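Report on the structure given below.
A short reminder: the numbers here are calculations on the coordinates, not readings from a lab. Here the structure is a predicted model, which is why all the values come from computation and not from measurement. Cβ coordinates were reconstructed from backbone atoms using ideal geometry, including for glycine residues, and neighbour counts include every protein chain displayed.
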Amino acid sequence: MNVIAIVGPTGVTVVDTGGSPAEAHEIVTELKKRFGMPIIGAINTHAHYDHCFGNAVFEANGVPVMGHHRIPAHFGAFEGPRLDAWRADPTLEPDKDWAGVVLAQPSVLIHQPMEFTAGGRVITCLPIAQGHTDTDLAIHVPDARVWMLGDVIEEAGPPMFGSGSWPLDWATSLEELLLKVCPTDVIVPGHGQVVDREFAIRQARALAAVAQAIRGAWTAGVGIEDALDAVQLPWPKWMLRSAIEQGFSQLAAEHPTVEG
């Protein structure tokens, strides 16, 4: 997972806080060692555990954490129950220590695009329409022409259809966001190396192909297993299963069966 430091003349703003208190402490230690300036703020790109389970460490040190206004709802529906399940059965994630995690929602909730100055740097936060989740923020540093998009873009592997995902809308949301991104801008994904706008456009097309496959299977009355057998897309089957399940659920809600 990428952690980004927005360094200004008077302080550092951190983008994403890690997936545990231990990771958060490592981030704090490294930033203080590297830059020798106070950490004055933190921003969550979205609500998934590996990007925000370190929030409590920053807040305990008096650092305000900013994030999408729907993060508390996502915590209640997904990350909270997920944390409870992990604690009840440590064998589910044996490489992680969940005992010290305190689920802390952002102290500053973002409802609409906002621009502010932190540590002498201008930062813009833009809520993104539902796609990877409904809690995603685009963070932009205008003077550097750098965008931080969390897991709306992934370079280390195919984008993850995780908890709270909206696979039918993801491509459209990304395409709308990319209208604001210039060809020479740098994009930092949630995982992997930095990319450019052309990479993001290609990923949006791949996400559109997933949405098209889901809608096609639904319209044809094809079940999840048959849809998985028919689809030819560069995702592992377990990821596509998650996408199809969530897409079918969304379509079922949009097109309820009428009886009588």
Study note, to complete from the structure: Of the candidates GLY192, VAL146, GLN246, the farthest towards the positive dipole end of the chain (Lys/Arg Cβ +1, Asp/Glu Cβ -1, centred on the Cα centre) is VAL146
Check your understanding: Per q in 0.17, 0.18 1/Å, what log10 I(q)/I(0) does a Debye calculation on the alpha-carbon atoms of the range 108-188 return?
Key -> -0.70, -0.78
Study note, to complete from the structure: Dividing the helical contributions, -39500 (n - 2.57) per DSSP H run of n ≥ 4, by the residues of the chain yields a 222 nm value, nearest 500 deg cm²/dmol, of -11000 deg cm²/dmol
Point to revise | Among GLN203, GLN105, GLN250: highest mean-square fluctuation, GNM of the chain, C-alpha pairs under 10 Å | key: GLN250
Exercise for review: Give me the distance between the Cα centres of the range 203-260 and the range 22-60, rounded to whole Å.
Suggested key: 37
Review point. Using the C-alpha gyration tensor of the chain, what are the square roots of 5 times its eigenvalues, in whole angstrom, with the largest one first?
Key: 33, 22, 16
Practice item. Using per-residue counts of other Cβ atoms within 10 Å, averaged over each peptide, order 82-95, 148-161 from highest down. Key: 148-161, 82-95
Point to revise | Cα→Cβ-extended label distance, 7 Å offset, between ASP89 and ALA5, nm | key: 4.0
Review point. Hey, which lysines would be in cross-link range of LYS33, C-alpha to C-alpha under 28 Å, not counting anything within fewer than 8 residues on its own chain?
Key: LYS96
Study note, to complete from the structure: Relative contact order as a percentage, the range 191-260, C-alpha pairs under 8 Å and 6+ apart, gives 32
Study note, to complete from the structure: Taking the reciprocal of mean 1/r across every pair of different Cα atoms in the range 149-240, the Kirkwood radius in Å is 14.0
Practice item. With only Lys, Arg, Asp and Glu charged, each at its Cβ (+1 for the first two, -1 for the last two), find how big the charge dipole of the chain is about the Cα centre; round to the nearest 20 debye. Key: 620
Review point. Which is farthest toward the positive dipole end of the range 1-138 among ILE71, PRO38, ALA104, measuring Cα position about the Cα centre, with Cβ charges +1 (Lys, Arg) and -1 (Asp, Glu)?
Key: PRO38
Practice item. Take the Cα atoms of the range 1-110, find their three principal axes, and give me the spread along each one in whole Å, biggest first. Key: 45, 29, 22
Check your understanding: Ranked highest first by average number of other Cβ atoms within 10 Å, how do 221-231, 21-31 line up?
Key -> 21-31, 221-231
